[in-house]
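Report on one structure; see the data block that follows.
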Amino acid sequence: MRPTRKIMALLAILCLSLNAWAQFDDSYDVEEWTLDPEEEEAPKPQHKEYKNALYLQYSPSRYKVNADSRIKFNEFLLGYGRAIQVVEEKPYFVEVGASIKFSWETSKMKARVLTFRVPINVLYKFYPWREKDFAIAPFAGASVRAVAMAREHTGAKSTNLLCDGDWSSFQVAWQAGIRFYLNRYFMGVSYSRDFRDSSKYPGVRECGVHFGCCF
C-alpha cells in the first residue's frame, strides 16, 4: 500500500506543477506582447491650417510712367487670400485672393492711383519644429491688375491719366516672396514686377512688407 500511495502523491504533485506552469506561461505571453496605454507612441500634434487671411501691405514702388520717366510711389494695400490645400496631408497650397491698393506721389506728378488686383500664388509651408506653431512659407505666382483711378494734380488742374494720358487700365505681373507664420499671425516680404509691354504704362516694380491674420 505504501508504494501505491507514494506513486499517487507524486502524480498529484506533477499535475499541480503542470497546471501552475501553464498559468504562468499564459500570463507571461500577455505581459510580453501587450503594451500599456502609457507606453504606446503618442500621436503627432495636429496643426490647424487656416483657409482665410487678411493682410495689410506697405510697398515703396517705382512706376515707369512713359518711355523716359520713372517715378517713385508710396502704396498701402489691403488684401484677402483664400488658401486651397492641393496635396492631402502635405502643406502645399494654392492661394487666390483680391486686394485694393492706394498709391500716391508728391514730388513730381502729385498723382493718386487706385488699383484692384487679383493674385494667384503657389505656397509651401515648412515647419522647423514638431509643435507646428511656426512656419516658413515661400511663395510665387502671378496677378492681374486693374487701375480704377489715376489722376495727376498740377496746381488747380487735374488730369485723368487713363483717359487723357497713355496709361493702360490692365496689366499682368509676377510676384515672389516669403512669409513667416506664428500660429494664426504672419508677416512677409515680396517683390512684384509687371510683364513688360512697351505699349502699356505704367510699368510697376514693387517691393512690399505685409502683416496679416488667418481665420
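No lab work stands behind these numbers, since they all come straight from the coordinates. Given the structure is predicted, the values throughout are model-derived calculations rather than measurements. Every residue, glycine among them, receives a Cβ derived from its backbone with ideal geometry; neighbour counts consider all protein chains shown.
If R0 equals 22 Å, the separation of the Cβ atoms of Tyr80 and Leu162 corresponds to a calculated FRET efficiency of about 0.30. Here the mean projected area of the convex hull built on the C-alpha positions of region 129-215 is 7.8 nm².
The Stokes-Einstein estimate for region 105-176, based on a Kirkwood radius over Cα pairs and taken at 25 °C with 0.890 mPa s viscosity, is a diffusion coefficient of 161 µm²/s.
When the C-alpha to C-alpha distance is required to be over 21 Å, the pairs from Lys51/Lys90; Lys51/Lys125; Lys101/Lys125; Lys72/Lys200; Lys64/Lys200 that qualify are Lys101/Lys125. The label-point distance for Ile71 and Ala142, in a model that sets each label 7 Å from Cα toward Cβ, rounds to 2.9 nm.
Diffusion coefficient (Stokes-Einstein, Kirkwood radius over C-alpha pairs, 25 °C, 0.890 mPa s) for region 52-214: 146 µm²/s, rounded to a whole number. Hey, what's the Cα Rg ratio for region 89-139 versus the globular rule of thumb, 2.2 N^0.38 Å? Dividing the Cα Rg of region 89-139 by 2.2 N^0.38 Å gives 1.81. Multiplying the residue separation of Val94 and Ser199 by 0.36 nm and subtracting their alpha-carbon distance yields 34.7 nm.
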